[in-house]
Amino acid sequence: MSDDRSEDRTTIELFDPPMCCPGGLCGPAIDPALLDISETVLRMKNRHGIIVQRYLLQQNGQKFMQHPEVKKLLQEHGTDVLPITVVNGEVVKKGAFPTYEELANWAGVSAAAV
């Protein structure tokens, strides 16, 4: 029965914009959006057991090219379309990181759970 649960689990992937280092939390001026998404991803894992896979273009370029919709968006709009959020294989958001509430909704969990 645990096999059924793994099949029902939501797959969330973030295709990140180019960054100076993994996570983008380096350098003299850290983007607050990167701090927010890092915290959001940790909250999803710690509170709900939801794993959010993050891919960096510089390190995981093959992942960007293997997803037809992500590849097409990059070809049409360049890296300005990033970040792209994919849930269960479908692009659900582009050009901005998702909020905790959005991720919780897509994963089918309560965002109010503390």
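Considering the range 56-79, the residues that are of a type in the set (A, V, I, L, M, F, W, C) and outside any loop (DSSP other than H, G, I, E, B) include one that is nearest to Ile37 (Cα to Cα), namely Leu56. So which residues in the range 80-114 are β-branched (Val, Ile, Thr), part of a loop (DSSP other than H, G, I, E, B) and closer than 19 Å to Leu34 by Cβ? If the condition is that a residue be β-branched (Val, Ile, Thr), part of a loop (DSSP other than H, G, I, E, B) and closer than 19 Å to Leu34 by Cβ, then Thr99 is the only one that fits. Contact map, the range 65-84: residues that are closer than 13 Å to Tyr55 by Cα paired with residues that are hydrophobic (A, V, I, L, M, F, W, C) and in a helix (DSSP H, G or I), Cβ distance under 6 Å, separation 6+ or inter-chain. Pairs shown: Val70/Phe64; Ile84/Val70.
With the requirement that a residue be touching a helix residue (DSSP H, G or I) at 6+ places or on another chain (Cβ under 6 Å) and under 19 Å from Leu103 (Cβ atoms), what does the range 64-80 give you? Val70, the sole residue that qualifies. Among the residues of the range 48-62, how many are surrounded by fewer than 16 Cβ atoms within 10 Å (Cβ to Cβ) and either charged (D, E, K, R) or in contact (Cβ under 8 Å) with a residue 12 or more places away in the chain (or both)? The qualifying residues number 4.
Selection over the range 1-37 of residues that are assigned to a helix (DSSP H, G or I), modelled with pLDDT under 90, at negative phi and surrounded by 16 or more Cβ atoms within 10 Å (Cβ to Cβ) gives a count of 1.
Only a single item in (1) within 13 Å of Pro17 (Cα to Cα); (2) among the hydrophobic types (A, V, I, L, M, F, W, C); (3) modelled with pLDDT of 95 or more is not met by Leu57, and it is number (3).
The values are calculated or read from the model by the stated rules, or taken from the named source; none is laboratory data. Just so it is clear, the structure is predicted and the values come from calculations on it, not from any experiment. All Cβ positions, glycine included, derive from the backbone under ideal geometry; neighbour counts span all protein chains shown.
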